[in-house]
Amino acid sequence: MIVGAPRGLQPVNGTTHPLSAVQETLSPVPDVTASCHIPNSSSSSSGGGGGDKEVVLTNGKPIETSSPASASSLLNRLQLDDDLEADTLDLYASTETRDLFVTVDDPKKHVSTMETYITYRVSTKTSRIEFDLPEYNLRRRYQDFDWLRMKLEDSQPTHLIPPLPEKFVMKGVVDRFSEEFVETRMKALDKFLKRVADHPVLSFNPHLNAFLTAKDLNKRQGLALLTKVGESVKQAAGGYKLRARPPEYCVMGEYLDTFNQKLGTMDRIAQRILKEQTEYLVELREYGSVYAGWAGSEDALTRPLEGVAGCVSTCCGAMEDLSEGMSQELLPVLREYVLYIESMKNVLKKRDQSQAEYEGRLEAAVIRKQEEKTPVPVEVEKCQDRVECFNADLKADWERWQSNKRQDFRQLLTSMADKNINYFEKCQSAWESLVSQLQDDQAENTNETNCD
């Protein structure tokens, strides 16, 4: 059975979604069911004779709902808060319950007459019965990861698929075969695969199984059928137009826009800082070499001048470490979340398309019902179920994404603080040792003068 496939006509109200970080019951979906009562054409109500109820369409205005999630509480939940306990409630992230572990490492360059490319070792350890072996070690290139993400997006259209690093150019990197570029990409691919493997739905996708186990992905057959799951979602918009996005999804969209602006500003400033640090390093190295050259021609000041040159050299090394941390840690995380925002907006757009299709089909069904006294088509009920599935999956993935974001940025900011502290401590220690050396030399010279 494929986990995450459409739920058919089974309502999601009163069921616990497998993605929820907190075990709670899903509330009714106000945007599609709050004011629409559709009699089931295939079965009667539990009472056996409820009769046809009047079908009322929403007018596009915000709907009051019994859900405890108000706009203000939603905004509060979207903030980058310090609630550590909320991030530890995700039982699926616990190593005690995980049964699939993946790692991307060991990049290797391959040169042929046709092309030059990099492959990465993908190691898998698992106890799942879907896998024939407990361990796998295969080599994959970037286009294989791209294939996997495309298949996940096609077959799991209601879920947020983690982003891949950009294919061609990362800011600040020109040579895609350079050690820095390959290392940055390897870490991003490792994070992508780990996020997929830790996801309670995506990790059971057959395409992931093929990616982790098949020696040749081109020879893997029998998976094309799964991609049909997303075909109806791709075409959902058709000629339909969404009346109004429900308030809670408007809050999500506004948050993504604001967060994207903040990340863009941080990225631009960080790029300028990195450029200035690079220029400063060039000047600092030249500055140190002046003192080293001076020491060779000034016997009386040789030790002090050599000490200054040594301090400047230490400061250069500390600055290199600081700049490397910014380029290898800060900038990739900022870029990853910019791509994450694009992915989340794409899922929101598909959710809106699904709701627009439902509203359009429902309106047409109401008109036919009034004119021909015919029951509501089953397709309308299927559209409603698809919207409910979209809403449940999106909300659960949103909570999971928020939890991951808080953890990632706490770790990033802590690392940035440590690297800045280390930079200033190294510089301070170097100059303090020079001061002690100069004071000792001065005291020694004073004693020699007194003896004379």
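The values are calculated or read from the model by the stated rules, or taken from the named source; none is laboratory data. Nothing here was measured: the structure is a model prediction, and the numbers come from that model. Don't worry about glycine lacking a Cβ; one is built from the backbone with ideal geometry, like all the others, and counts go over all protein chains shown. Surface accessibility is based on the protein's heavy atoms, side chains included, excluding ligands, DNA and RNA. Shrake-Rupley method; radii C 1.70, N 1.55, O 1.52, S 1.80 Å.
Just one of the numbered conditions (1) closer than 25 Å to Leu394 by Cβ; (2) within 15 Å of the chain's Cα centre (by Cα); (3) open to solvent by 50 Å² or more (accessible area, probe 1.4 Å) is not true of Trp147; which one?
Exception for Trp147: condition (2).
Return the residues of the stretch 104-119 that are assigned to a strand (DSSP E or B), loosely packed, with under 12 Cβ neighbours inside 10 Å and hydrophobic (A, V, I, L, M, F, W, C); say none if nothing qualifies.
Val111
Regarding Phe131, is this residue modelled with pLDDT of 90 or more, touching a strand residue (DSSP E or B) at 6+ places or on another chain (Cβ under 8 Å) and assigned to a loop (DSSP other than H, G, I, E, B)?
yes
Which one of these does Pro377 not meet: (1) open to solvent by 40 Å² or more (accessible area, probe 1.4 Å); (2) at pLDDT below 85?
(1)
Only residues in the stretch 292-320 that are within 23 Å of Glu444 (Cα to Cα) count as the first member; pair them with residues that are of a type in the set (Phe, Trp, Tyr) and in a helix (DSSP H, G or I), Cβ under 7 angstrom, at least 6 apart or cross-chain, and list the lot.
Listed pairs, sorted by first residue: Leu305/Tyr291; Leu305/Trp294; Val308/Tyr291; Ala309/Tyr291; Cys311/Trp431.
Could you say whether any residue in the stretch 134-144 is under 26 Å from Leu394 (Cβ atoms) and in contact (Cβ under 8 Å) with a residue 12 or more places away in the chain?
Scanning the stretch 134-144, I find no residue that is under 26 Å from Leu394 (Cβ atoms) and in contact (Cβ under 8 Å) with a residue 12 or more places away in the chain, so the answer is no.
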